[in-house]
Amino acid sequence: MCHTDDHAHEHDAFHHHPHDLSDPVDADTTAALDLTIGDGELSPAQLSRRGLFRSAGVIGGATALGMAGVTPAMASGDDERSGSSGGSVRTWLAGDHHIHTQHSSDAMYRVIDQVQHGAAYGLDWMVITDHGGATHARIGVELVNPDIRAARELLPDTLVFQGLEWNIPSAEHGTVFVAPGRNEVAVLKQFETDYDGSVNGTSPSSPANEAQALAGITWLGRQVDRRRVDDALFLANHPARQGIDSPHEIRAWRDADPRIAIGFEGAPGHQAAGLPAGVGAGSARGFYAGGPNANSFPGYPLESYRTWGGFDWMTSTVGGLWDSLLAEGKPWSISANSDSHTNWGDTSRRPDGSTAEQFNRDGRYNAPVYSGGVNLTAGDYWPGLYSRTHVGASKRDYLAVMRGLRDGRVWVDHGRLVKELDVTVRIRGDRGSAVPLGSTLRARRGTRVELVVRITAQDVPNWSQFVPTLNRVDLIRGAVDPGHADDQRDTFVAPDTTVVQQWDTSGRTGSYEIVHDLGRVEDPFYVRLRGTDGNRSQPGFLGAAIDPEGPALDVVGNADPWIDLWFYTNPIWVAPTR
């Protein structure tokens, strides 16, 4: 199935037409209402406004071509084939957007502890995300900021963002973070005070509380528009753990402001929790060991409350909820994070006197101390030790990382399964037409297109002291139908998405390339990849015809994460032009 033959083909460039923004409000509204302007030619603010007009019934729905793979890079006017600084990938930066410190009531480490370990384990960027709540809103946001700024100075090669873990009204948790700047504390504090479900008692599932979540997302967008902060992002954390993130809520978050709400954790943290008793906690990977509750979405099956190969059911199910979002032609990214609170194998503990009362008074626990023993019952790993989110960026800085996340230049892995990975789609044989993860390749109808996968096999031990082996790579392909969820906002299936190709990569070493013919472009579609060490597989949740060898359902109490390694990539869309 692999080939490397190149054939040049004629193709149409995707042209952008910038608009006069001298009067931002009027110009944005005018552009959003002008249906002769394609969605792909709008700025993020204009695209968001058009979405609001559509949801309100002011203007009609999108056409399949207009909405197929409208990536943020397109929306902001970057020609992804031109190598412009906004849309290009010049470096891959590994990171983690879900990390707790002594400023969380259920955690213990200092900021420098987490950042120093993350840097040692190879991370380039990290987000400190202490839990939202009354104490954190009152004092924690200010308290942690000097520690974050100190870590930036002590480890200048590591990008350290300040964020928080949002108690999403009517839903689960989420990461919210902003670009560093003079207003980072003020914006985060106001956001938490006004929109955190724990602070405001809006956590139970209800339409009113769902609306509060949307208000929080749009408020973040306004802070960027008003230039209080240079950028802000939101990603949902452990989305299937309690079943309370319903499909319509996820869609509504995304549509409220697609510049801000960009994705969810494809794989949760707490991966060490699956280690069997005697070696570990004897619980479940991600602490996904529960079941439905009063706030859960009733349509989710019991299997959704477990991880599959360490990944959330929404991501691991081919043709499942993630694919149902991608099939609408709109970006939605995945990530993989540590959710580090207390780490397996550590030799520290909270000091004596660190009580709930002390935390609520001081806004943080005192610094951890040596314990005299090894903690083998904790469920977390240090940032970077096991889970990594790789972001394609134009350069190594804060805004470039945020831009890469927003543009979907993302792939994730566990246990350092591969050393390097690069995925593009191009007009067959035309290297100059290649677009990266998160992008849309627009090609004349009938043009042949191909997938190019470049892999560098791992050749150094991971942090469990063995060299992992990538034994299989799977290609997943889905049709794009932008209207497939218009009347079914709670759908969580994409029936036209399947595994279409599997490559045996066992024994491959060094760097190698897979080039796969995707056929002639007739209708819009997307492709994404996953890879595995091949140790644990079973037919996918929706059946062997859709996914013959997917990740296996993790067993509560016996799910060693090191013998079940996977990588997943974000999609690339392909859309025909006339």
ask   = Using only helices, what value at 222 nm comes out for the chain when you add -39,500 (n - 2.57) per DSSP H run of length 4 or more and divide by the total residues, to the nearest 500 deg cm²/dmol?
value = -6000 deg cm²/dmol
query = Using the scaling law 2.2 N^0.38 Å as the reference, what is the normalised Cα Rg of region 460-578?
reply = 1.26
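Taking the square root of 5 times each eigenvalue of the Cα gyration tensor, what semi-axes in Å does the equivalent ellipsoid of region 494-562 have, largest first?
Taking √(5λ) for each eigenvalue gives 26, 20, 9 Å, largest first.
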request  = In whole angstrom, note down how far apart the Cα centers of region 118-176 and region 393-417 are.
outcome  = 18 Å
request  = Find the relative contact order for the chain and round it to a whole percent, using C-alpha pairs within less than 8 Å whose residues are 6+ positions apart.
outcome  = 18 percent
ask   = Once region 273-316 is represented by equal point scatterers at the alpha-carbon sites, with solvent omitted, what log10 I(q)/I(0) does the Debye formula produce at q = 0.14, 0.16 Å⁻¹?
value = -0.37, -0.46
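Can you tell me how region 166-225 classifies by the Cα gyration tensor, rounded, prolate or oblate, using a/c under 1.5 as the rounded cut? Don't skip to the answer; put the middle values down first.
Numbers: a/c = 2.40, a/b = 1.92, b/c = 1.25.
Prolate shape, in that a/c is at least 1.5 and a/b is the bigger ratio.
When only DSSP loop residues count, what GluC sites (Glu not before Pro) in region 498-578 have their Cβ near at most 12 other Cβ atoms within 10 Å?
Loop-located and lightly packed - 522.
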Relative contact order for region 468-578, counting Cα pairs under 8 Å that sit 6 or more residues apart, in percent = 33 percent
query = What whole-number value in cubic angstrom gives the convex hull volume per residue for the C-alpha atoms of region 226-317?
reply = 124 Å³
key: Kirkwood Rh, Cα atoms: Rg over Rh of region 446-486   = 1.22
ask   = When we measure straight from the Cα of residue 395, which lysines land under 28 angstrom away, once same-chain ones fewer than 8 places off are left out?
value = 330, 419
task = Return P(r) of region 325-386 (all Cα-Cα pairs; 10 Å bins starting at 0; whole %; ordered from short to long distances).
result = 19, 31, 26, 12, 11, 1
task = Give me the Kirkwood hydrodynamic radius of region 394-540, using the inverse of the mean 1/r over all pairs of distinct Cα atoms, in Å to one decimal.
result = 17.4 Å
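What is the Cα radius of gyration of the chain over 2.2 N^0.38 Å, N being its residue count?
0.91
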note = Residues whose built amide H sits under 5 Å from the amide H of residue 408, excluding neighbours closer than 5 in sequence, are none
key: Cα Rg, Dmax, region 201-240, angstrom units   = 12.3, 34
query = Counting DSSP beta bridges in region 107-232, what percent are antiparallel, to the nearest 5?
reply = 50 percent
task = Just the number, please: Stokes-Einstein D of region 126-205 in µm²/s, Kirkwood Rh from C-alpha pairs, 10 °C, 1.306 mPa s.
result = 124 µm²/s
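Values quoted throughout were computed directly from the atomic coordinates according to the rules given, and no laboratory measurement underlies them. Since we're looking at a predicted model, the values are computed, not measured. When we count neighbours, we look across all protein chains shown, and the Cβ atoms used for this are built from the backbone with ideal geometry, even at glycine.
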